[in-house]
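Contents: one structure, followed by commentary.
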Amino acid sequence: MKDEALEKLDTQEEVINQLIKDNRDLQERQSAMETKASLYPQVYIPDYNDELKQMGSQLTLLNENYAKERWQARLDQLDKRIQAIPKVIPVEHHHHFGPKSKWMLIIYFMLILLVAVLTGTTIGYAFEAHELRIAHQTGGIVVDSSGDNKPKENNIKKSKSKSHKHQSKHND
């Protein structure tokens with residue numbers, strides 16, 4: 001029992017010592033703040049209590065003098081105005097283009113037409129190039145743009161065959 005009482009006493013003394021230490025730290029901080037506060041200028045905050053009391057008394061006097069009937073009449077007028085507003089307000093709106101936007105649309109459609117024409121020409125030229133490549137590889141007949149069928153000689157094959165014949169003559 002004595003040991004427990006002594007332990008409690010020791011813990012109480014430790015707590016008291018810690019509180020004393022914390023109190024000293026706080027006092028040091030407070031004194032430091034007081035010295036630092038002197039470095040800053042004093043700010044004057046005016047006291048408006050009298051003016052506020054006077055305005056409050058004038059407002060209560062105005063409220064007493066202004067009859068409740070007047071307030072009710074004003075609220076009734078406001079209700080009538082609110083009820084006079086129609087539930088559905090008809091709105092007319094027109095979709096039209098301004099002078100500048102008309103030219104922009106014309107230019108836009110012209111550019112679309114130009115892109116369509118260029119795409120068509122490119123595809124046409126691609127088909128024609130493909131047909132010429134096939135005709136050149138097979139040695140077939142090439143159709144001109146005028147529609148005439150002209151046999152086209154395959155110069156590559158003939159030149160190879162001539163050089164082959166020429167080499168065979170020299171070998172003999």
Taking segment 131-165 and keeping residues at pLDDT below 55 and hydrophobic (A, V, I, L, M, F, W, C) leaves Ile156
Search segment 5-32 for residues being among the small types (Gly, Ala, Ser) and surrounded by 10 or more Cβ atoms within 10 Å (Cβ to Cβ), and hand back the single one that is nearest to the chain's Cα centre (by Cα).
-> Ala32
Quick one: how many residues across segment 87-130 are at pLDDT 85 or above and either part of a loop (DSSP other than H, G, I, E, B) or not aliphatic (A, V, I, L, M) (or both)?
-> 14
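The values are calculated or read from the model by the stated rules, or taken from the named source; none is laboratory data. Please read all numbers here as calculations on a predicted model, not as lab measurements. Neighbour counts run over all protein chains shown; Cβ positions are idealised from the backbone, glycine included.
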